[in-house]
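The values are calculated or read from the model by the stated rules, or taken from the named source; none is laboratory data. Source: prediction; values computed, not measured. Here the Cβ is made from the backbone with ideal geometry for all residues, glycine too, and neighbour counts use every protein chain on show.
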Amino acid sequence: MKIILLEDVSGTGKKGEIKEVKDNYARNVLIRKKLAVEATNEALNHLAGQKASAQHKLDVEEANAKKIKAALDGKNVVITAKAGQGGKLFGSVTGKDIAAQIKTDMGYDIDKRKISTKTDIKSYGAYEAEAKLFNGVTAKFTVTVQE
């Protein structure tokens, strides 16, 4: 019997695959536990639609990431912070602060976990930073901390 797997099944296959399995195994285990459905024309069309939708979503995300990279690459993000004696900041500048400043300056919403700096930002100055926007799309920019 041909089935479409709805979940990863150890020893049988991964989610979304079309497999040929024994009738009893399909009816009594996979279909009953809702791990698979029978591969009818309707189910195959539904699977093709889901795959096309997922691919379209990835294409849109990648295009959006490239647009953000073009706007952010090589730019300077200026952050103002308070410091004590000797220019040492109270706390440090984190990815959350950088993401918030990018949102106010440029209007782009970037996840704070995707922004990384080579060193901790604990004093005034300029620092190199990068944002991993999508698989293979990385924007490099400068973060300047001033009083």
Which of the numbered conditions does residue 73 fail, given that it passes all the others? Conditions: (1) outside the structural domain of residue 115 (by TED's automatic domain parsing); (2) touching a residue at least 12 places away in the same chain (Cβ under 8 Å).
(1)
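With the structure loaded, tell me whether residue 131 is of a type in the set (A, V, I, L, M, F, W, C) and either free of Cβ contacts under 8 Å to residues at least 24 places away in the same chain or under 30 Å from residue 2 (Cβ atoms) (or both) or whether it fails that test.
Working: of a type in the set (A, V, I, L, M, F, W, C): yes; either free of Cβ contacts under 8 Å to residues at least 24 places away in the same chain or under 30 Å from residue 2 (Cβ atoms) (or both): no.
When the stated conditions are applied, residue 131 does not pass them.
Yes/no per residue for (1) among the aliphatic types (A, V, I, L, M); (2) within 28 Å of residue 58 (Cβ to Cβ):
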site: 73; (1), (2): no, yes
site: 83; (1), (2): yes, no
site: 87; (1), (2): no, no
site: 109; (1), (2): no, yes
Residues in the range 68-83 that are exposed (fewer than 13 other Cβ atoms within 10 Å of the Cβ) and either under 11 Å from residue 124 (Cβ atoms) or among the charged types (D, E, K, R) (or both): how many?
2
Do you know which residues across the range 92-119 are closer than 17 Å to residue 82 by Cβ and either in contact with a Gly (Cβ under 7 Å, 6 or more places away or on another chain) or of a type in the set (D, E, K, R) (or both)?
96, 97
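Given the options 51, 57, 19, name the one that is of a type in the set (Lys, Arg), without any contact (Cβ under 8 Å) to a residue 40 or more places away in the chain, crowded, with 16+ Cβ neighbours inside 10 Å and not assigned by TED's automatic domain parsing to the domain that holds residue 104. Full working, then the answer.
Working: 51 fails: crowded, with 16+ Cβ neighbours inside 10 Å; 57 fails: crowded, with 16+ Cβ neighbours inside 10 Å.
Being of a type in the set (Lys, Arg), without any contact (Cβ under 8 Å) to a residue 40 or more places away in the chain, crowded, with 16+ Cβ neighbours inside 10 Å and not assigned by TED's automatic domain parsing to the domain that holds residue 104 holds for just one of 51, 57, 19, which is 19.
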Out of curiosity, is residue 4 in contact with a Lys or Arg (Cβ under 9 Å, 6 or more places away or on another chain) and either aliphatic (A, V, I, L, M) or surrounded by fewer than 14 Cβ atoms within 10 Å (Cβ to Cβ) (or both)?
yes
Test residue 86 against the stated conditions and say whether it is under 18 Å from the mean Cα position of the chain (by Cα), at pLDDT below 90 and surrounded by fewer than 14 Cβ atoms within 10 Å (Cβ to Cβ).
no
Listed by first then second residue, the pairs whose first member lies in the range 89-103 and is without any contact (Cβ under 8 Å) to a residue 60 or more places away in the chain, whose partner is assigned to a helix (DSSP H, G or I), with beta carbons under 8 Å and at least 6 positions apart or on separate chains, are 94/112; 95/112; 95/113; 95/114; 96/112; 98/112; 99/112; 102/72
